[in-house]
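Participant: Okay, here's the structure, questions in a sec.
The values are calculated or read from the model by the stated rules, or taken from the named source; none is laboratory data. Here the structure is a predicted model, which means the values were calculated and not measured. Reconstructed Cβ throughout: ideal geometry from the backbone, glycine too, with neighbour counts over all protein chains shown.
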Amino acid sequence: MTEWGGADVSRETIERLKIYEALLRKWNPKINLVANSTMSQLWSRHFLDSIQLVDFAPNPVEHWVDLGSGGGFPGLVVAIMAIETACPIQVTLVESDTRKCAFLRSVVRETGAPVAVINKRIEAIEPLKADVLSARALADLSKLLSYADRHLAQNGVALFPKGETWKKELSIARSKWNFDYQTVKSKTEDGPVILKITGVSSV
């Protein structure tokens, strides 16, 4: 194992992430998977930022669902990490953009990650009963909680990375939803946090 950005990552996993990186650099000019301004900090801004969610998640996890996956962060990184740990057992990526789904499936083929890709809108699919639900840069917290209400298993956990305005989003969401939460500071940026949310129900 290698100590990498505060995370223990095996050489084999790093090699798979490098395959992912190469495909991302190849596809990004065509379909804008991540902002061009972040490409020079790809490992810290996207890969390490995703890996930190694994440490904050419960263990073991059977089914991890990532909503609005886009370029695959964090769900596809979680799945690549899981190849060696078998946790989570299965990862489902939900993405409505067909071209982005083609990219995600390309990475899955090349890395062997345990992933199912669903090319539909979040609102149009049957409840997924996720043990862990993640979404990064997808929507405000109130909207994310509506997705959690639909797609989380009864005792599931939602992990939502949020930027510096997270307290404002939390306050607004409180008027619409009942939920319990914990926060942990992001390891990759000052200001952002990861919200760990359970017990979601409408007010």
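Participant: Kindly check whether there is at least one residue in the range 95-116 that is within 24 Å of K162 (Cα to Cα), among the β-branched types (V, I, T) and touching a helix residue (DSSP H, G or I) at 6+ places or on another chain (Cβ under 6 Å).
Facilitator: Taking every residue of the range 95-116 in turn, none turns out to be within 24 Å of K162 (Cα to Cα), among the β-branched types (V, I, T) and touching a helix residue (DSSP H, G or I) at 6+ places or on another chain (Cβ under 6 Å).
Participant: Taking L104 as meeting all but one of (1) crowded, with 16+ Cβ neighbours inside 10 Å; (2) closer than 18 Å to V54 by Cβ; (3) of a type outside the set (V, I, T), write down the number of the exception.
Facilitator: (2)
Participant: Something else: In the range 56-67, is there at least one residue being in contact with a helix residue (DSSP H, G or I) (Cβ under 7 Å, 6 or more places away or on another chain), among the β-branched types (V, I, T) and free of Cβ contacts under 8 Å to residues at least 40 places away in the same chain?
Facilitator: no
Participant: Could you go through the range 107-127 and let me know if any residue there is closer than 30 Å to K185 by Cβ and of a type in the set (D, E, K, R).
Facilitator: No, there is no match, as no residue in the range 107-127 is closer than 30 Å to K185 by Cβ and of a type in the set (D, E, K, R).
Participant: Considering the range 124-165 alone, what residues qualify as being over 18 Å from S69 (Cβ atoms), within 15 Å of the chain's Cα centre (by Cα) and at pLDDT below 95?
Facilitator: G163 - this is the single residue of the range 124-165 that is over 18 Å from S69 (Cβ atoms), within 15 Å of the chain's Cα centre (by Cα) and at pLDDT below 95.
Participant: So, one more: For the structure I just gave you, tell me whether D190 is modelled with pLDDT under 95 and not in a helix (DSSP H, G or I).
Facilitator: Answer is yes for this residue.
Participant: Sticking with this structure for a sec: How many residues does the range 170-187 hold that are farther than 17 Å from D49 by Cβ, part of a strand (DSSP E or B) and hydroxyl-bearing (S, T, Y)?
Facilitator: The qualifying residues number 1.
Participant: What strands (runs of 3 or more DSSP E), lying completely within the range 1-80, carry at least 3 residues that are within 15 Å of the chain's Cα centre (by Cα) and buried (at least 22 other Cβ atoms within 10 Å of the Cβ)?
Facilitator: Output list reads 63-67.
Participant: Go through the range 166-187 and give me each residue that's within 19 Å of A57 (Cα to Cα) and either surrounded by 12 or more Cβ atoms within 10 Å (Cβ to Cβ) or at pLDDT below 95 (or both).
Facilitator: Across the range 166-187, the qualifying residues are F179, Y181, Q182, T183, V184, K185, S186, K187.
Participant: Between A124, A139, A130, A148, which is on the phi < 0 side of the Ramachandran plot and in contact with a His (Cβ under 6 Å, 6 or more places away or on another chain)?
Facilitator: A130
Participant: In this structure, does A113 turn out to be among the small types (G, A, S) and surrounded by 15 or more Cβ atoms within 10 Å (Cβ to Cβ)?
Facilitator: Taking the combined requirement at face value, the residue satisfies it.
Participant: Exactly one of these conditions fails for S134: (1) crowded, with 16+ Cβ neighbours inside 10 Å; (2) in contact with a Lys or Arg (Cβ under 8 Å, 6 or more places away or on another chain); (3) among the small types (G, A, S). Give me its number.
Facilitator: Only one criterion in (1) crowded, with 16+ Cβ neighbours inside 10 Å; (2) in contact with a Lys or Arg (Cβ under 8 Å, 6 or more places away or on another chain); (3) among the small types (G, A, S) is unmet by S134, namely (2).
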